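Written out below as C-alpha cells is the structure these notes cover.
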Amino acid sequence: MNIDLDCHPTTEILNKYVQGSLPTGWNVVLSAHLELCQKCRHEYGDLESAEVLSWSKGPVEEVANDFSDLVSNIIQQPQHAAADTPLPQESSITEIHMLDHSFTLPRVLAKAANDGLEWKKLAGGINQAKVNIDTETQCEFIYMSPGSQTPMHRHQGNEITLVLDGSFSDASGTYEAADFVIRNSEDEHQPVSEEGCLCFAVLDSPLTFTQGLARLFNPINRFKFRKTIAHQS
Amino acid sequence: MNSAALRKEYPTLRPMSDRDQSAVNSVNARLTAPVDPDSDESLLVETGNSQSTEAFNRLFQRYSSRIYAMGMKLTRNEQLSKDLVQEAMLNVWRKARLYDLDRGTAQSWIFTITRNRCFDMLRKLKRQPNCVTADDIWPQDNGSESAILPEEALHEEQGSLVAETSIIASYCKQLPEPQQAVIEQIYILDRTHDEAAEILKIPLGTLKSRLRLGVSKLRQLIGVDL
C-alpha cells in the first residue's frame with residue numbers, strides 16, 4: 001500500500017502544480033486544498049519562490065526568433081488603468097446544502113460548480129454530481145449520506161479525494177475536512193461514513209469494482225467513462 | 001480611552017498576527033533596500049507609470065527567451081511557445097500599472113503571468129470547458145500570506161474610523177514613514193487611492209499594500225500598548 005497518511009499533497013505534486021504541468025482537474029483539487037490548508041499554502045509559497053528563482057536565473061538557450069515586430073505591436077495596445085482591475089467573478093453557487101448541513105465551497109470549486117450541480121443517487125447511500133472540467137480527468141462532488149458505504153473498489157489510475165465537510169473512514173484511517181487523500185491502482189478500499197461526508201474527487205481513470213455484484217458493472221463503467229470523455233471532446 | 005473601550009468602539013481592531021508581522025518585516029526590508037533604476041522592478045513600474053516603451057523593451061529583452069523556454073517545457077511546441085511570448089508580454093504591458101512593488105519581485109509577477117497564460121492558452125486549444133481559468137486556480141498573491149482576504153479588505157475600509165481619534169493618530173508616528181505618508185493622504189487628507197498614488201508617485205498597488213500594512217501595524221500597536 002502506498003498511502004500518504006498525513007493527508008496532504010506530496011512536495012512532488014505541489015511542485016508540478018507550481019509549474020503548471022498537471023491536468024486541470026488536479027490543479028482544481030490542489031487549489032481547493034490550499035485554500036483549506038495553511039501548511040500547504042506555506043509550502044506552495046516556498047516552492048514557488050524556488051521555481052521563480054530557477055526560472056529567472058537558470059541558463060537559457062538564446063532563441064533564434066526575431067521578436068522586434070512583436071514589441072512594436074504590443075506597445076500600440078492600450079494599458080489597463082489601475083482602476084480597471086477586474087473584480088473576481090461572483091459565483092452563483094457558493095454553498096452546498098446536504099440534509100441539515102451547508103458548506104461554503106472553496107473559491108475554485110464554487111466557480112467549477114457555477115453551472116449547477118446535478119446530483120445522482122448511486123448504490124449504498126452515495127450521491128454524485130459530475131463537473132465537466134477537462135478531458136484528462138473525471139471530477140465529481142461526492143456526498144456520502146450518514147451511514148453510507150461504497151462497494152469495495154480499486155482504481156486503475158489515481159484518485160484524489162478532498163474532504164470538504166464531515167468525515168469518512170477506510171481500512172487505513174479516518175479522514176476529515178481539508179484532508180487530501182490519494183489512492184492509486186494498488187489500493188483497494190471500501191470507504192464508509194458514519195456522520196456523512198461531502199468530498200470533491202478527481203479520478204484519472206475509471207474505477208474498477210472488485211467485489212460481489214458490483215463487478216458486473218465493470219465493463220459498463222469503463223464504457224461510461226469512455227463515453228464521458230468522448231462527449232467532452 | 002482604555003483598551004477594552006477602544007476595542008468596543010473599533011471592533012475590527014485586532015492584535016497583529018505573525019502573518020502581518022512578517023509582511024511588515026519584508027516591506028521594511030524592501031523600503032530600506034537601495035532602489036536600482038535598472039532592476040526589473042523599476043523597469044516594470046516605469047512601464048506602468050509612464051508607458052515607457054524603452055523600459056518595456058528592456059523587460060522584453062530580459063524575459064522573452066525565458067518565457068519561450070517555459071513554453072517549450074509546458075507545450076513542447078515551438079509555435080505555441082512563440083505565441084506564449086506574445087501573450088505573456090502583452091499581459092505584462094497591459095497590466096504593468098497593476099504591479100505591486102510591495103508584494104513580490106518582478107520575476108515572480110512575470111512568472112505567474114506566463115504560467116497562467118500558458119495554461120489558459122492550452123485549455124482553449126484543447127477546447128476544454130472554460131468553467132475555470134488559471135486565475136481561479138492559482139493563488140493571486142504568489143502564495144505569500146499577505147493577500148487581502150475579503151474580510152481583511154472590509155477591515156481596511158472600516159479602518160478609516162481609526163484616523164478619527166487623536167489617540168490613534170499619535171500611534172501613526174511610530175509607523176515607517178512611507179506608511180505614515182499613505183495613511184495621512186487617505187485618512188487625514190481624505191484623498192482617493194488614485195490621487196494619493198499620484199501625489200506620492202508610487203504605483204496604486206504599492207499604495208494599497210502600504211495602507212493595509214500601516215493599518216494592521218496600527219492595530220498591533222494599539223493591541224499591545226493599551
Practice item. Among the residues of the range A:48-61, write down those that are more than 8 Å from chain B (Cβ to nearest Cβ) and either at pLDDT 85 or above or part of a helix (DSSP H, G or I) (or both). Key: A:ALA50, A:SER54, A:LYS57
Revision key, fill the gap. Taking the range A:62-79 and keeping residues at the interface with chain B (Cβ under 8 Å from one of its Cβ atoms), at pLDDT 80 or above and in a loop (DSSP other than H, G, I, E, B) leaves A:ILE75, A:GLN77, A:PRO78, A:GLN79
Check your understanding: In the range B:14-83, which helices (runs of 4 or more DSSP H) lie fully inside it and hold 2 or more residues that are at pLDDT 85 or above and within 12 Å of another protein chain (Cβ to nearest Cβ)?
Key -> B:40-50, B:53-75
**Study point:** Top-ranked residue in the range B:89-137 [being modelled with pLDDT of 90 or more and out of contact with any helix residue (DSSP H, G or I) (no Cβ under 8 Å at 6 or more places or on another chain); ranked as nearest to the other protein chains (Cβ to nearest Cβ)]
**Key:** B:ARG94
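The values are calculated or read from the model by the stated rules, or taken from the named source; none is laboratory data. It should be emphasised that the depicted structure is a prediction, and the values quoted were computed from it without experimental measurement. Neighbour counts are summed over all protein chains in view; Cβ atoms, including those assigned to glycine, are modelled from backbone coordinates with ideal geometry.
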